[in-house]
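The values are calculated or read from the model by the stated rules, or taken from the named source; none is laboratory data. A quick note: this is a predicted structure, and the numbers were derived from the prediction, not measured. Cβ sites come from the backbone with ideal geometry, for glycine too, and all protein chains shown count toward neighbours. Only protein heavy atoms, including side chains, enter the accessible area calculation; ligands, DNA and RNA are left aside. Shrake-Rupley method; radii C 1.70, N 1.55, O 1.52, S 1.80 Å.
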Amino acid sequence: MFKLTPVVRNLLIANIAVYLAQISFSAIDITAILALWNFESEHFRPYQLFTYMFAHDPSGFRHILYNMLGVVVFGPMLERFWGEKRFLIFYLVCGIGAAVLYSGIKYGQNQYHHQKIAEFMENPNAGRFYDLYGGQLTRGGESFVADFEADPDNLELISRAKGFVARDLSEPRDTRMIGASGALYAIIMAFALLFPNTELMLIFPPIPVKAKYLAMFLGGLAIYMGFTSREGDNVAHLAHITGMLFGFIMVRYWKGSRDNFY
């Protein structure tokens with residue numbers, strides 16, 4: 001049975017309350033209001049850097065279940081170690097910090113993509129087209145690139161490539177992010193730094209693992225997933241990375257390392 005501490009309990013209640021509101025009030029798109037939209041979107045509002053971490057995917061319960069389970073497992077020990085005030089500050093600062101850094105990275109990626117598009121439109125060739133979409137091309141797309149490379153001056157192929165790029169450029173960049181994952185991964189990082197040798201029992205597979213190894217695995221997985229393109233993957237893996245980064249910075253800033261680990 002989990003022994004909930006006051007801040008963890010209140011965070012759990014707040015997240016569940018928001019989730020219930022998301023799925024109950026169909027007349028109001030609460031998810032869109034609370035979600036963090038990218039900086040280029042007309043829907044972006046500064047308050048979303050805070051509210052996004054209390055909203056979860058309303059289409060199912062797994063998103064909020066996994067995030068809240070993580071907070072309940074790792075949060076209480078940190079709250080007892082730091083105290084209620086410091087733990088709450090840590091949670092909120094890391095959640096907001098992860099969002100700011102994540103949004104900045106996505107903005108930079110979009111600007112770089114736009115620059116590459118401009119270069120392609122100025123001098124269209126198969127190499128630049130592949131640089132733009134290589135990781136997203138299906139077999140038919142790869143065949144098109146091969147044809148383009150074999151006949152780079154073919155006006156029909158150039159026109160088709162330009163049309164594809166123009167459609168991409170015209171699509172709105174209205175992506176959004178929700179969930180407590182940034183703050184959760186910061187908590188996992190802090191737990192691993194403060195209590196690295198604490199053994200945790202995994203649910204699947206049911207084996208014990210030390211906190212430091214779990215954090216290494218989750219961090220490595222987030223990095224791999226964040227920098228590889230997969231169709232249909234709508235998880236903000238980079239937010240997991242930025243959350244862990246802010247967790248590391250906060251723990252080091254507070255000089256919370258201990259000589260005696262549990």
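If you go through region 22-74 one residue at a time, how many are of a type in the set (A, V, I, L, M), in a helix (DSSP H, G or I) and touching a helix residue (DSSP H, G or I) at 6+ places or on another chain (Cβ under 7 Å)?
Here the count works out to 8.
Would you tally the residues in region 150-194 being in a helix (DSSP H, G or I), at pLDDT below 80 and of a type outside the set (Gly, Ala, Ser)?
Qualifying residue count for the region: 4.
Go through (1) of a type in the set (Val, Ile, Thr); (2) free of Cβ contacts under 8 Å to residues at least 40 places away in the same chain; (3) open to solvent by 70 Å² or more (accessible area, probe 1.4 Å) one by one and return the number of the condition Ile30 breaks.
Condition (3) is where Ile30 drops out.
Which numbered condition in (1) in contact with a Phe, Trp or Tyr (Cβ under 6 Å, 6 or more places away or on another chain); (2) assigned to a loop (DSSP other than H, G, I, E, B); (3) farther than 26 Å from Phe191 by Cβ is the only one that Tyr107 fails?
(2)
So which residues in region 65-91 are over 14 Å from Tyr185 (Cα atoms) and without any contact (Cβ under 8 Å) to a residue 60 or more places away in the chain, if there are any at all?
Leu65, Gly83, Lys85, Ile89 - these are the residues of region 65-91 that are over 14 Å from Tyr185 (Cα atoms) and without any contact (Cβ under 8 Å) to a residue 60 or more places away in the chain.
Filtering region 51-72 down to residues that are open to solvent by 90 Å² or more (accessible area, probe 1.4 Å) and not small (Gly, Ala, Ser), which residue is farthest from Ile203 (Cα to Cα)?
Here the residue is Phe61.
Count, please, the residues in region 175-208 that happen to be free of Cβ contacts under 8 Å to residues at least 40 places away in the same chain and buried (at least 16 other Cβ atoms within 10 Å of the Cβ).
Total satisfying the criteria: 1.
Give me the residue from region 76-132 that is of a type in the set (Ser, Thr, Tyr) and surrounded by 19 or more Cβ atoms within 10 Å (Cβ to Cβ) and, out of that set, farthest from Glu40 (Cα to Cα). Lay out the reasoning, then the answer.
So in region 76-132, the residues of a type in the set (Ser, Thr, Tyr) come out as 91, 102-103, 107, 112, 130.
Within this subset, residues satisfying the condition of being surrounded by 19 or more Cβ atoms within 10 Å (Cβ to Cβ) are 91, 102-103.
Details: Tyr91: 26, Tyr102: 13, Ser103: 10 Å.
If we take residues in region 76-132 being of a type in the set (Ser, Thr, Tyr) and surrounded by 19 or more Cβ atoms within 10 Å (Cβ to Cβ), then Tyr91 is farthest from Glu40 (Cα to Cα).
Look through region 1-21, keep the residues that are part of a helix (DSSP H, G or I) and β-branched (Val, Ile, Thr), and return whichever of them is farthest from Gly83 (Cα to Cα).
By that ranking, first place goes to Val18.
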